[in-house]
Amino acid sequence: MVQDKTAGPVPGTSAQDAPPTGPPPGFPGRGAAGAGPRASRSALSALPARIASAVAGGLLVFWAFPPSGLWFLAPPGMAAIVLAVHGVRPRRGAWLGLLAGLALLLPALAWVSPIGADAWLGLVAIESAFYAAWGATAALVSRLRLWPLWSAALWVAAEWARGQVPFGGFPWARVAFGQGHSPFTPYAALGGAPLVSFAVALCGGLIALAVLRALAARRGVPSASSVPPSDRSPVSSSAPAPAARSVLPLVLPLVGALAVPVVALAVPRYGDEGRSVTVGVIQGNVPGRGMHPLGDEPAVVLRNHTRLLHRMADDVRRGRVPRPDLVVLPENSTDIDPLRNAFARDEIDAAVRDVGVPVLVGAVVGVGVNERATRSLVWDPVTGPGAHYDKQRLVPFGEFTPLKELVLALFERASLVGKQSVAGTRDGDLRMGPVTVGAINCYEVAYDDVVNRTVRTGATPLVVQTNNATYALTNLPPQQLAMSQLRAVEHNRAVITSAITGISAYVTPDGSIAWRTEELVPATNVLTVPVRTARTVATRVGALPEWALILVGAGAVAVATTTGRRRTGTAARAVGRQDDRQVGDA
């Protein structure tokens, strides 16, 4: 990989923005032109354009996410972000990347604001730091050929890092999650969410390359037709025409950008296997809002859901709906621990016996004296509570409190977490009636590893139990539904979402939403969904594509760093030789 000389910086870029090509600071011969008034004015004129490009790009990527769902804005948004950092020094690239991250995450994570503006802004600030790191490294690799490829790989690396740290990571608002049902979605079946993010970022990088070449052409790069005939070199009759030679560098990146989503059409698709299961879904709703969604009256949430179970049983008896093979209730569908409270146990047991099939109950249950678990509990109409899955990926400051002593001292509302949750240790494959469902608990649908391990147990369909009551009517529920769409395609599985306040939904294995509820209303349905067992490439290979892309990005950074040091050393030696000649002449 060598420096790309075909695409220069945005017009008006100063020596401060461009990668260093002359002697390093402090060496004779560097000159002071970069510090003069003219150069300063040039830098000031370029920086606002770059800032505007970074902010606009972040906003465009945000609008690709639900509820806007304008998926086609993600590639031009990525192009604008890449253009902002292309050709600048890593330090400036970091600041521009930070601005892009803020523009994306401030609106994308606005659903956190019901907890408090400080929680929202603090989370955005932490997560935006990863985009600053991307901006610095993307600026560095923009000196290399094929830089759209390297910057896209680095974007995947930044999203991976966000999903790891701090406190277990926070992979929300990955570019892939804005592509729940788009031409880029089929890539999920090959390499999961990381490959989808890479494809969108690569498409954006190619658009940026085309823009840079078009701007370079406008600056007056001479074409063959402008050279006097007497000065032209003889060419064979088979050589391309001058106009074709001048247009080709502009067209090729655009063709490549168009090819990225088109190639996704060739990704293998999986057909129906002739099996199905009938699933009842219940959304009971809650009386409260915001930080107190369960209300003040004990057992009201429990009764909301058992009442709808009894209603579903009555509808089955009257022939209004088919008899389900199993029923799914949301996360926190009981606000009382049914394993320690006789009243809650009797209420659930009576409703499950009435409907007559296994029911997946979402409950928070005590573990020991001072701890708890967020549990998906299979309740059989004959034997009662049985097999269960405990949530593995816990919500920081929601289900457990990092830096507990410090946080409790600073924030009174942190005490609302109460008992600290403990993470489960097994995957969510739970036998229910004729199938083994794959239980995914709310927040976990954003984590590749949890979903992948669950599917690899052979579980089908996937069932997502979720409690979004605190964030009702924000942009969280539609964002989470888009994740279910991507997971359906990634693993060739139907996905059933049961949400306590909405959005409950059924997503087909091709990512289409076949049924969904409104928010803040009680709702039920009985759905016939396909049972798929074929594994996609993404299911088989797991995180391998992601790690391959991370290594590609890291390799590009290493090459760019080494090349930059070599260039600086060469410049220094050249200056030294020039000084020696001057001394000899004297």
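Okay, here's what the table says:
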item	result
Accessible area expressed per residue, the range 55-170, with surrounding protein chains retained (probe 1.4 Å, Å²)	33
³J(HN,Hα) computed for each position of the range 372-380 - Karplus, 6.51 cos²θ - 1.76 cosθ + 1.60, integer Hz, glycine/proline x	8, 9, 8, 10, 9, 10, 7, 10, 8
Cα gyration tensor category, rounded, prolate or oblate, for the range 59-200 with a/c compared to 1.5	oblate
Residue order for THR383, THR536 - accessible surface, 1.4 angstrom probe, largest first	THR383, THR536
Order of exposure, largest accessible area first, which applies to THR425, THR508 with probe 1.4 Å	THR425, THR508
Under Karplus coefficients 6.51, -1.76 and 1.60, residue-wise ³J(HN,Hα) of the range 58-66 in Hz, glycine/proline x	x, 5, 5, 5, 4, 5, 6, 7, x
Peptides 427-435, 120-128 ordered by average Cβ neighbours within 10 Å, highest first	427-435, 120-128
Mean Cβ count within 10 Å, highest first, over the residues of peptides 63-72, 247-256	63-72, 247-256
For peptides 186-194, 299-307, 261-269, sequence by mean Cβ density within 10 Å, most packed first	186-194, 299-307, 261-269
Portion, in percent, of the accessible area of the range 400-554 that falls on carbon or sulfur, probe 1.4 Å	58
Rounded accessible area of LYS419 (nearest 10 Å², 1.4 Å probe)	90
Average accessible area per residue (Å²) across the range 297-362 - probe 1.4 Å, nucleic acids and ligands excluded	43
Viscosity 1.002 mPa s, temperature 20 °C, Stokes-Einstein D of the range 468-547 from Kirkwood C-alpha radius, µm²/s	157
Heavy-atom accessible area ranking, 1.4 Å probe, most first, across GLU347, GLU331	GLU347, GLU331
Cα Rg, Dmax, the range 335-378, angstrom units	11.1, 35
Angstrom value of the Kirkwood radius, inverse mean 1/r, which spans all Cα pairs in the range 115-179	12.8
For the range 55-114, alpha-carbon Rg over 2.2 N^0.38 Å	1.16
Amide H within-cut-off set for THR528, under 5 Å, with H built and near neighbours excluded	VAL279
Cα principal axis extents for the range 413-516, largest first, Å	41, 31, 25
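The values are calculated or read from the model by the stated rules, or taken from the named source; none is laboratory data. All values reported here derive from a predicted model rather than from experimental measurement. Don't worry about glycine lacking a Cβ; one is built from the backbone with ideal geometry, like all the others, and counts go over all protein chains shown. Just the protein is used for accessible areas: all its heavy atoms, side chains included, with ligands, DNA and RNA removed. Shrake-Rupley method; radii C 1.70, N 1.55, O 1.52, S 1.80 Å.
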